[in-house]
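Trainee: I am attaching a structure below and will ask some questions about it afterwards.
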Amino acid sequence: MMATTHALAGVVLAVLVAALFPESAAGASVLPIAAAALGGLFPDFDLYAGHRKTLHFPVYFSAAGVAAAVVAAAVPTTLTVAVALFLAAAALHSAMDALGGGLELKPWLGTSEQAVYNHYHGRWIRPRRWIRYDGAPEDLAVAVAFAVPAVYALDGVAETGVLAAVVVSAVYVLLRKPMVVAAETLVAALPDTFIDRLPSRFVEDIR
């Protein structure tokens, strides 16, 4: 799924916590919402270094999130709630990736059986392909579905950020497949010196 979809999922998680537990400080400032959005984004920082393995921890993030939630329940400050939301959103991201496509350059072809790596069991989780690939129309639909309650509950900078994420998502969906064609053309023209610096999964698919 798109990074923006994951970020919006984190925001909705923060909104839900604030609605269910108003005493939790989740809605007291922008920090918990920003932490949840960043947690939703964080696993994808490994895009060019072992994507969906280096920073994706479906089991360990979940365990850490539960522990942080216990701390936040016992000591409900803005900081403890923000940390719990960050870890919970990162865990949600790691788990959600199993619902999408595989790791190949053209995931709409459905040739990869690697969705997200489970470090606890030491193996790859296969893609379910409920969302066929990141940037698919259904991915945008999920992003919009997450954005609706967030826009309803938030205002100011947070609301603007949610709307901006939806716009970015829509643009990405339009450009998703053309970007791959452009990447293939570019990589084919690059000398081997530069090819060696690219993620192997991209180069293997292109060449």
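The values are calculated or read from the model by the stated rules, or taken from the named source; none is laboratory data. Bear in mind that the values here come from a model prediction, so they are computed numbers and not experimental data. Cβ atoms come from the backbone with ideal geometry, glycine included; neighbour counts cover every protein chain shown.
Trainee: Looking at the stretch 172-191, which of its residues are modelled with pLDDT under 80 and either assigned to a helix (DSSP H, G or I) or within 18 Å of E104 (Cβ to Cβ) (or both)?
Mentor: Of everything in the stretch 172-191, those that are modelled with pLDDT under 80 and either assigned to a helix (DSSP H, G or I) or within 18 Å of E104 (Cβ to Cβ) (or both) turn out to be A183, E184, L186, V187, A188, A189.
Trainee: Determine whether E138 is surrounded by fewer than 19 Cβ atoms within 10 Å (Cβ to Cβ), charged (D, E, K, R) and over 19 Å from L92 (Cβ atoms).
Mentor: Criteria not met by E138.
Trainee: I've got another one for you. Looking only at the stretch 37-45, decide whether some residue is without any contact (Cβ under 8 Å) to a residue 12 or more places away in the chain, part of a helix (DSSP H, G or I) and within 24 Å of T160 (Cβ to Cβ).
Mentor: Yes, because at least one residue in the stretch 37-45 is without any contact (Cβ under 8 Å) to a residue 12 or more places away in the chain, part of a helix (DSSP H, G or I) and within 24 Å of T160 (Cβ to Cβ).
Trainee: Can you name the residue in the stretch 10-25 that is buried (at least 16 other Cβ atoms within 10 Å of the Cβ) and over 23 Å from V144 (Cβ atoms) and is also modelled with the lowest pLDDT among such residues?
Mentor: Across the stretch 10-25, the extreme among qualifying residues is A25.
A quick yes/no check of all residues on (1) in contact (Cβ under 8 Å) with a residue 60 or more places away in the chain; (2) farther than 21 Å from L16 by Cα; (3) assigned to a helix (DSSP H, G or I); (4) out of contact with any Ser or Thr (no Cβ under 6 Å at 6 or more places or on another chain):
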site	(1), (2), (3), (4)
T54	no, yes, no, yes
A82	no, no, yes, yes
A89	yes, no, yes, yes
Q114	yes, yes, no, yes
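Trainee: Let me ask something else about it. Please go through the stretch 157-173 and pick out each residue that is in contact (Cβ under 8 Å) with a residue 40 or more places away in the chain and surrounded by fewer than 18 Cβ atoms within 10 Å (Cβ to Cβ).
Mentor: V157, V168
Trainee: Please work out which residue is surrounded by the most Cβ atoms within 10 Å (Cβ to Cβ), limiting yourself to the stretch 102-135 and to residues that are among the small types (G, A, S) and farther than 16 Å from T4 by Cα.
Mentor: So the residue we want is A115.
Trainee: In the stretch 102-112, which residues are without any contact (Cβ under 8 Å) to a residue 12 or more places away in the chain and among the hydroxyl-bearing types (S, T, Y)?
Mentor: Residue satisfying the conditions is T111 alone.
Trainee: Something else about it: Could you tell me which numbered condition L31 fails, if it satisfies all but one of (1) at pLDDT below 95; (2) surrounded by fewer than 16 Cβ atoms within 10 Å (Cβ to Cβ); (3) among the aliphatic types (A, V, I, L, M)?
Mentor: (2)
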